[in-house]
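First up is the structure itself, then whatever we jot down about it.
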Amino acid sequence: MNKSEQLLSAFSADYFFKELVVDDLHFKPDESSEKEVADLLINLDDIIIAIQLKSRNDKDQTDDFSVEDKWLRKKCKVAKGQVKETLQFISSGTLPAFHNKRGQEVFVRSDAEVIPLVVFENNQIEDYPHLLRKHSDSGMNINCMSFSDYCEMCRVLVTPIEIVEYLEYRKKIYEECEDVDFIIFNGMDNEMVLTKPRKNESLVHQFLAEKYGMKESDKQKLPIQYFRNFLRLLPKRSINNSEEDASYEVLLFLAHFNRGEIIEFWELFEQTKSEAKQGLVGIRHSLRSSLENYVVMFMTPKLLPIEVLLPIIQKVVEPKQVLEIAINWFDEESFGVDFLFYEASK
């Protein structure tokens, strides 16, 4: 792994969590020569962001834009071929287990939705093709961005599933109007957003304006940061019926939450924490998705066996996933959080 790949991996692990980042993707199919799936995978289990990184050696870099542009176009052509291989490797269902940045063994699902992304590091290039276009009906358009724009995207969007949604949104925008100099978006509450699609990854702000409104998205920053810190501190005492490392399953589940779900989750978590401190006992609150495919149950001071809780939930909805969260105060200043995660397919 070169320095650029190390930098990309470290940055991604910070923003996506170490559990979701896989960067050692070498394997030997059928005892043949060694292959590499991609430079980096952001693995959300059912959705994977597959990143190909192309970096320019400092000693080879010039001040001639035409030379650097030629380098980029050549590297992008190579990256497109690697993306095709990555899709084939994943869909084959024959990949071995890999280790994420936390050292946990993880498998790549063959039926996962794969979102390819080409990232390049070359500080001489500011104007570049943001979309690598397909050349045949069987091909696919692929997002391309500089490393600095990748960092800006992660900094502004902060949640893993939001970045997945943004990459799809970004691809659609560039498919429709890549050569537009600027876009004026008339959003919620008469907000007007001006973006320059080819400069500094400004489309992230238009994405937020369309999805939430800029004022609302600004209000959400603090609880989202609390939520991210919470995920980094998932307790080792988690309970899971089928996996020894339950915190990984819980993090995968919660990493799919969008901003609206995060805000509601955090409000209910804080309410339950307050009620636990007051000595209130039992099921306190519940959160379920609009699609009714999951339920989160908040309770005090301890978890209920899933065999007891599930029949109660199933009177209302038949979720595929259930997460129990129990909060118990030890004294006036410290409390514990326990989890139980259940998935119907397991």
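The values are calculated or read from the model by the stated rules, or taken from the named source; none is laboratory data. The structure presented is a predicted model; accordingly, all values stated were derived computationally and were not measured. Cβ: placed from backbone, ideal geometry, glycine included. Neighbour counts: every protein chain shown. To get the accessible areas, we keep the full protein, side chains included, count just its heavy atoms, and leave off ligands, DNA and RNA. Shrake-Rupley method; radii C 1.70, N 1.55, O 1.52, S 1.80 Å.
Of note:
- With the simple spin-label model, which puts each label point 7 Å out from Cα in the Cβ direction, the R73 to K59 separation comes to 2.8 nm.
- With the alpha-carbon atoms of segment 288-346 aligned to their principal axes, the span from lowest to highest coordinate is 38, 23, 21 Å, starting with the largest.
- Segment 292-346 and segment 129-154: distance between their alpha carbon centers, rounded to Å: 40
- For the chain, the per residue solvent-accessible surface stands at 52 Å², with DNA, RNA and ligands left out and a 1.4 Å probe.
- Within the accessible area of the chain (1.4 Å probe), percent carbon and sulfur: 48
- Cα centroid of segment 36-56 to Cα centroid of segment 63-128, whole Å: 6
- Computed over the Cα atoms of the chain, the ratio of the radius of gyration to the Kirkwood radius (Rg/Rh) comes to 1.00.
- Heavy-atom SASA rank of S92, S12 (probe 1.4 Å, accessible area, largest first): S92, S12
- Between the amide H of V317 and any residue lying 5 or more places away or on another chain, no distance stays under 5 Å, with hydrogens modeled in the peptide plane.
- FRET efficiency for the E333 to N2 pair, using the beta carbon distance and R₀ = 51 Å, is estimated at 0.65.
- Percent of beta bridges antiparallel (DSSP, the chain, rounded to nearest 5): 60
- FRET efficiency, V308 to F230 (Cβ-Cβ, R0 22 Å, nearest 0.05): 0.25
- Sites N123 and D30 - FRET efficiency at Förster radius 45 Å, r taken between beta-carbons, to 0.05: 0.65
- Shape of segment 1-64, Cα gyration tensor, a/c cut at 1.5: oblate
- Residues whose amide H lies under 5 Å from that of L40, counting only those 5 or more places away or on a different chain, are I51; hydrogens are built 1.01 Å from N in the peptide plane.
- In terms of the mean number of neighbouring beta-carbon atoms within 10 Å, the peptides 282-288, 156-162, 305-311, 292-298 order highest first as 156-162, 292-298, 282-288, 305-311.
- Among I327, I142, I184: highest mean-square fluctuation, GNM of the chain, C-alpha pairs under 10 Å: I184
- Solvent exposure of C177, expressed as accessible area, is near 30 Å², computed with a probe of 1.4 Å over the protein chains only.
- Whether segment 54-139 is rounded, prolate or oblate, judged on the alpha carbon gyration tensor where a/c under 1.5 counts as rounded: oblate
- Considering all different alpha carbon pairs of segment 46-101, the Kirkwood hydrodynamic radius works out to 13.8 Å.
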